[in-house]
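A quick write-up on the structure given underneath.
The values are calculated or read from the model by the stated rules, or taken from the named source; none is laboratory data. Everything numeric in this text was worked out from a predicted model, so none of it was measured. Positions of Cβ are generated from backbone atoms using ideal geometry, with glycine treated the same way; all protein chains shown enter the neighbour counts. For the accessible areas, the whole protein counts, side chains as well, though only heavy atoms, and no ligand, DNA or RNA atoms are used. Shrake-Rupley method; radii C 1.70, N 1.55, O 1.52, S 1.80 Å.
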Amino acid sequence: MAAFAIPDDITLGGRSLTAAQKVEAQLLLDAAASWIRDRKPDIAPDDPNAKLVSIQVVKAALASEPYLGLSSYSKTVGEVTRSGTLAHPGQFLVFTDFHKELLGIPFRAGPAWSFKVGDY
């Protein structure tokens, strides 16, 4: 199935993507669409929220690529000091609770079963 957005929908810093970034963006958009459809199979192919979520997660992934896997990064100007803290190595597309809420995907755990009153 097709992605919800196309690479031309994404800009970084107000600029269009390079040819190489467009290729990567298409792969990421396809992965985002697959993630969304796995969790919400009945979603419409032109769902505007799915398009927005796809663009946001792919844009964040492209913008943060140099810092992939780091939860924080700092660079000191003057003396060359760089540091980073590893958080989730390999995590590229990040779907937040806000994204899940936009898509109508449950993001809070619910009870898997219940007990009858007095049956415990």
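If you go through region 8-17 and pick out every residue that is surrounded by 11 or more Cβ atoms within 10 Å (Cβ to Cβ) and more than 15 Å from the chain's Cα centre (by Cα), you end up with 5. Restricting the first member to region 3-18 and to residues that are closer than 23 Å to Asp46 by Cα and part of a loop (DSSP other than H, G, I, E, B), and the second to residues that are open to solvent by 70 Å² or more (accessible area, probe 1.4 Å) and not small (Gly, Ala, Ser), the beta-carbon pairs closer than 7 Å and six or more apart or on different chains are Phe4/Lys51; Ala5/Lys51; Ile10/Lys59.
Is it true that Ala44 is open to solvent by less than 60 Å² (accessible area, probe 1.4 Å) and assigned to a helix (DSSP H, G or I)? No; evaluated as a whole, the condition is false for this residue.
For region 52-71, a residue qualifies if it is open to solvent by 10 Å² or more (accessible area, probe 1.4 Å), at pLDDT 60 or above and not basic (Lys, Arg), and the qualifying residues are Leu52, Ile55, Gln56, Ala60, Leu62, Ala63, Ser64, Glu65, Pro66. Yes or no: region 97-120 includes at least one residue that is modelled with pLDDT under 75, in contact with a strand residue (DSSP E or B) (Cβ under 9 Å, 6 or more places away or on another chain) and open to solvent by 80 Å² or more (accessible area, probe 1.4 Å). There is no residue in region 97-120 that is modelled with pLDDT under 75, in contact with a strand residue (DSSP E or B) (Cβ under 9 Å, 6 or more places away or on another chain) and open to solvent by 80 Å² or more (accessible area, probe 1.4 Å).
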